[in-house]
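Encoded as structure tokens, the structure appears first; notes follow it.
The values are calculated or read from the model by the stated rules, or taken from the named source; none is laboratory data. Treat the numbers as computed from the prediction; the structure is a model and nothing was measured. A quick note on method: Cβ atoms are made from the backbone with ideal geometry, for glycine too, and the neighbour counts reach across all protein chains shown.
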Amino acid sequence: MLNFFEKTGAYALYYVNEAGRMGIFLLNSIMSVVKPPYKIYPIIRQTYIIGTLSIFVILFTGVFTGMVLGLQGYHTLNKFGAEGLLGSAVALSLIRELGPVLAALMVTGRAGSAICAEIGVMRNSEQIDALECMAIDPHKYIMAPKFVAGIISMPLLTAIFDVTGILGGYMVGVGMLGANRGTYFASMYKDVEFNDIYMGLIKSLCFGILIIWICSSKGYFVHLSRGGGFGAEGVSRVTTNAVVLSSVSILLFDFFLTSVLL
């Protein structure tokens, strides 16, 4: 019984310490973003890595998500004789919910894992320690460009996801199933409001910060993580944990933001 309480207390202390480390890490990263000097090239480079290189997977996922929504939505609305609402149903589903969430999950799998592995390798190879020895702030040098790039990239990727998803729903609903072309866009124009776009924008911004924060901090503290440690195995394990935690956090924050913004 004492051994059980000892292990429970050890787990509790570890996760409290980890939450504190990640909170301090986020504060230091935000301060490094607003603290001069400001360098544009690292931000452009990270925007290319996080945003531009994710466009293909965003386009592919967006098109097929929209096609599925168009197919399912048409057959569901057809039962009630409301095929004219297909455009608004597809657009609202993507703009308010599926677009930000699925785009964030795709970016987590493609870019978040790479960020965590990159910083984890830098920690294990003592590159971060070398920066500190040269009086270079690792948060300013490494994390700040990633945070700015995440804030810039996620809303743009979400917008691309939404547009391609709407076009995918159009291809299936209008091109394959014979829904009216004018009604598809007219219902969308009528029912989609600025608040819907605003909700998707806020979600995408929050998810961008969340992805960079969790993946960067997991890699930065790879040597302190339970089951992590030095070496390739430790980096791979921490990277897996970062992707899982980011994905779960996106879903949790999605519910929280939806309950606040509705």
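Residues of region 165-211 that are within 17 Å of Leu98 (Cβ to Cβ) and outside any helix (DSSP H, G or I): Val192 alone.
Within region 43-57, is even one residue part of a helix (DSSP H, G or I), in contact with a His (Cβ under 9 Å, 6 or more places away or on another chain) and surrounded by fewer than 16 Cβ atoms within 10 Å (Cβ to Cβ)?
In the first step, residues of region 43-57 are kept if they are part of a helix (DSSP H, G or I); the result is 43-50, 52-57.
With the extra rule that they be in contact with a His (Cβ under 9 Å, 6 or more places away or on another chain), the set shrinks to none.
Checked region 43-57: no residue is part of a helix (DSSP H, G or I), in contact with a His (Cβ under 9 Å, 6 or more places away or on another chain) and surrounded by fewer than 16 Cβ atoms within 10 Å (Cβ to Cβ).
The C-beta contact set for region 20-37 (first residue more than 10 Å from Ser217 (Cα to Cα), second residue surrounded by 13 or more Cβ atoms within 10 Å (Cβ to Cβ) and among the β-branched types (Val, Ile, Thr), distance under 7 angstrom, 6+ apart or interchain) comprises Val33/Val148. Could you list, in sequence order, all residues of region 99-134 that are among the charged types (D, E, K, R) and in a helix (DSSP H, G or I)? Answer for region 99-134, where residues must be among the charged types (D, E, K, R) and in a helix (DSSP H, G or I): Arg110, Glu118, Arg123, Asp129, Glu132. Of all residue pairs spaced 6 or more apart or on separate chains, those with beta-carbon atoms under 9 Å, a first member in region 173-188 that is buried (at least 16 other Cβ atoms within 10 Å of the Cβ) and a second member that is outside any helix (DSSP H, G or I) are Gly173/Ala179; Val174/Asn180. Among the residues of region 100-146, those identified as touching a Leu at 6+ places or on another chain (Cβ under 9 Å), buried (at least 22 other Cβ atoms within 10 Å of the Cβ) and farther than 17 Å from Leu245 by Cβ are Pro100, Ala103, Ile142.
Residues of region 167-193 being at pLDDT below 90 and among the hydrophobic types (A, V, I, L, M, F, W, C), which ones?
Keep residues of region 167-193 that are at pLDDT below 90, which gives 173-193.
Those that are at pLDDT below 90 and among the hydrophobic types (A, V, I, L, M, F, W, C): Val174, Met176, Leu177, Ala179, Phe185, Ala186, Met188, Val192.
In region 227-262, of all residues being loosely packed, with under 12 Cβ neighbours inside 10 Å and not in a helix (DSSP H, G or I), the one that is modelled with the highest pLDDT corresponds to Leu262.
Among the residues of region 84-139, those identified as more than 18 Å from Ser204 (Cα to Cα) and β-branched (Val, Ile, Thr) are Val90, Ile115, Ile119, Val121, Ile128, Ile136.
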